[in-house]
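Enquirer: Let me give you the structure first, and then I'll get to my questions.
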Amino acid sequence: MSERRDVGVGVIGVGGMGGRHARNLARQAVGAKLVALMDLDQARAAEIAADCGVTARLFDDGVALIDDPTVEAVVIASPDATHAALAKACIAAGKPVLCEKPLATTLAGTQEVMAAEVSGGRRLVQLGFMREYDPQHVALKKLLDDGALGRPLYFRGMHNNLALVPPRDQASIVVNSAVHDIHSARWLMADEISQVMAQSVPSQPDMPDSSRLVQLQLWFRKGSIGNIVANMESGYGYEVVVEITGDTGMGRTQSLGSPMVRGNGQAGRAVEPDWLERFDVAYVLEMQAWTQSLRDGRATGPSVWDGVASLNVAAACLESLETGQVATVSPMEMPDLYEG
Ligand SMILES: NC(=O)c1ccc[n+]([C@@H]2O[C@H](COP(=O)([O-])OP(=O)(O)OC[C@H]3O[C@@H](n4cnc5c(N)ncnc54)[C@H](O)[C@@H]3O)[C@@H](O)[C@H]2O)c1
């Protein structure tokens, strides 16, 4: 019986997130091997290759990596504005891709990627909404799907970052950060968002276009409601908590992974500093699901449609921030490719 050959993977962008994906691929995944890295910072790419213990080829151009015959699948973890063009190049080359969120920085950009994938007739892209692999989120999703909470009525999402510098503008906080929470809301509630009302608190009073915190009020198509608060400067650590109220119960994820410690007349738990610690297990499980999908020859998990639908909601949030009014999310039909 012939042994299965490991699939050759190239990683584009090996900063904080791409470096973690490269390490998880090299150390924790089965059936795939790291063969190529690309980063504008070549020294960083060489450092990650050495840390992964592989003699991967280093590229200085993302499309050249995608087109290389030794690269059979690609991880895109370069900055947001590069995702759509690189994802389209992967689709054109017929190569499966794990693409970090957001799929693109504009709704039109996400739709171009979807048009390319739909016209190719098969799913090639898994999008990096890694909360779908976080055991806490998975457990809550199962409770909801099993009907244990009854009909979902209310979604509450809290997303606290320690301190992102430089201060974010309103578009970036919504499109880069709150897009995770928008996806969580759609995925967990198994519904699409129809209207939003967005409000923002500036990072500094004299910087009105900056955004320290956004609140997004949500209305879902089936009648439920929700609220997301994404805070870029919590001042104490990183936490993501989701709470869902159903008509027969409620469920809430736990963010902190540390033990409760009691001493000196106090009881408390340490807070993770960032997403790489809070979601460390989710990133491994996400990578393992992706390499499994490479072996199965069929993309799974968050899709290009999820990238389009979440940016569609993000676009309405930006409109609401601009007008100060409730904004309607443009109705869109999901292509058949993304059914099931
Ligand atoms: N899913 C998640 O939880 C999660 C968490 C963090 C970041 N991200 C996403 O991952 C991506 C990278 O974020 P990060 O935190 O690793 O940023 P980072 O700044 O730590 O790393 C970005 C890397 O990309 C390189 N780079 C810059 N321009 C490039 C280009 N044109 N081509 C290739 N490489 C280029 C930089 O040199 C750097 O090494 C972003 O799109 C971000 O939204 C996702």
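The values are calculated or read from the model by the stated rules, or taken from the named source; none is laboratory data. Note that the structure is predicted; figures quoted are calculated from it, not measured. We place every Cβ from the backbone using ideal geometry, glycine too, and count neighbours over all the protein chains shown. The accessibility values were calculated without ligands, DNA or RNA, using every heavy atom of the protein model including side chains. Shrake-Rupley method; radii C 1.70, N 1.55, O 1.52, S 1.80 Å.
Enquirer: Any idea which of (1) open to solvent by less than 70 Å² (accessible area, probe 1.4 Å); (2) within 22 Å of Gln136 (Cβ to Cβ) is the one Gln254 doesn't satisfy?
Expert: (1)
Enquirer: May I pose another question? Could you check how many residues of region 3-57 are more than 20 Å from Leu294 (Cβ to Cβ) and modelled with pLDDT of 95 or more?
Expert: Total satisfying the criteria: 16.
Enquirer: Condition test on Ala171, is it open to solvent by 30 Å² or more (accessible area, probe 1.4 Å), closer than 30 Å to Gly31 by Cα and within 16 Å of the ligand (Cβ to nearest atom)?
Expert: No; evaluated as a whole, the condition is false for this residue.
Enquirer: A further question on this structure: Which condition from (1) of a type in the set (D, E, K, R); (2) open to solvent by 60 Å² or more (accessible area, probe 1.4 Å); (3) part of a helix (DSSP H, G or I) is the one that Arg5 breaks?
Expert: The single condition Arg5 does not satisfy is (3).
Enquirer: Looking at Pro259, is it assigned to a loop (DSSP other than H, G, I, E, B) and out of contact with any Lys or Arg (no Cβ under 9 Å at 6 or more places or on another chain)?
Expert: Criteria not met by Pro259.
Enquirer: Next question. Name the residue that is least open to solvent (accessible area, probe 1.4 Å), counting only residues in region 58-78 that are among the acidic types (Asp, Glu) and in contact (Cβ under 8 Å) with a residue 24 or more places away in the chain.
Expert: Restricting to residues being among the acidic types (Asp, Glu) and in contact (Cβ under 8 Å) with a residue 24 or more places away in the chain, the top hit is Asp68.
Enquirer: Just give me the residues in region 301-340 being of a type outside the set (A, V, I, L, M, F, W, C), in contact (Cβ under 8 Å) with a residue 40 or more places away in the chain and either surrounded by 24 or more Cβ atoms within 10 Å (Cβ to Cβ) or assigned to a helix (DSSP H, G or I) (or both), in sequence order.
Expert: Pro302, Asp306, Gly307, Ser310, Asn312, Ser320, Tyr338 - these are the residues of region 301-340 that are of a type outside the set (A, V, I, L, M, F, W, C), in contact (Cβ under 8 Å) with a residue 40 or more places away in the chain and either surrounded by 24 or more Cβ atoms within 10 Å (Cβ to Cβ) or assigned to a helix (DSSP H, G or I) (or both).
Enquirer: Of the residues Ala299, Ala230, which single one is under 18 Å from the mean Cα position of the chain (by Cα) and either under 30 Å from Lys33 (Cβ atoms) or modelled with pLDDT under 95 (or both)?
Expert: Ala299
Enquirer: Pairs, please: C-beta under 6 Å, at least 6 apart or cross-chain, first residue basic (Lys, Arg) and in region 253-280, second within 16 Å of the ligand (Cβ to nearest atom)?
Expert: So the pair list comes out as Arg278/Tyr238; Arg278/Glu272.
Enquirer: From the set of residues in region 30-78 that are basic (Lys, Arg) and within 15 Å of Val9 (Cβ to Cβ), which is nearest to the ligand (Cβ to nearest atom)?
Expert: Arg57
Enquirer: Looking at Gly19, is it open to solvent by less than 20 Å² (accessible area, probe 1.4 Å) and either without any contact (Cβ under 8 Å) to a residue 24 or more places away in the chain or part of a helix (DSSP H, G or I) (or both)?
Expert: yes
Enquirer: Restrict the check to region 267-281 and report whether at least one residue is part of a helix (DSSP H, G or I), among the aromatic types (Phe, Trp, Tyr), at pLDDT 95 or above and open to solvent by less than 20 Å² (accessible area, probe 1.4 Å).
Expert: Looking for residues that are part of a helix (DSSP H, G or I), among the aromatic types (Phe, Trp, Tyr), at pLDDT 95 or above and open to solvent by less than 20 Å² (accessible area, probe 1.4 Å), one finds none in region 267-281, hence no.
Enquirer: Before we move on, is Ala81 open to solvent by 10 Å² or more (accessible area, probe 1.4 Å), under 25 Å from Val113 (Cα atoms), in a helix (DSSP H, G or I) and near the ligand (Cβ under 10 Å from one of its atoms)?
Expert: yes
Enquirer: Residue check: is Glu112 open to solvent by 30 Å² or more (accessible area, probe 1.4 Å), away from the ligand (no atom under 15 Å from the Cβ), closer than 28 Å to Ala190 by Cβ and of a type in the set (Asp, Glu)?
Expert: It is true that Glu112 is open to solvent by 30 Å² or more (accessible area, probe 1.4 Å), away from the ligand (no atom under 15 Å from the Cβ), closer than 28 Å to Ala190 by Cβ and of a type in the set (Asp, Glu).
Enquirer: Let me ask something additional. Report whether or not Val118 is open to solvent by 40 Å² or more (accessible area, probe 1.4 Å), assigned by TED's automatic domain parsing to the domain that holds Ser293 and either under 20 Å from Val14 (Cα atoms) or not aromatic (Phe, Trp, Tyr) (or both).
Expert: So Val118 passes the test.
Enquirer: Shifting gears a bit: Just to verify a result, which residue in region 85-97, among those that are within 12 Å of the ligand (Cβ to nearest atom) and in contact with a Cys (Cβ under 9 Å, 6 or more places away or on another chain), is nearest to Asp39 (Cα to Cα)?
Expert: Leu86
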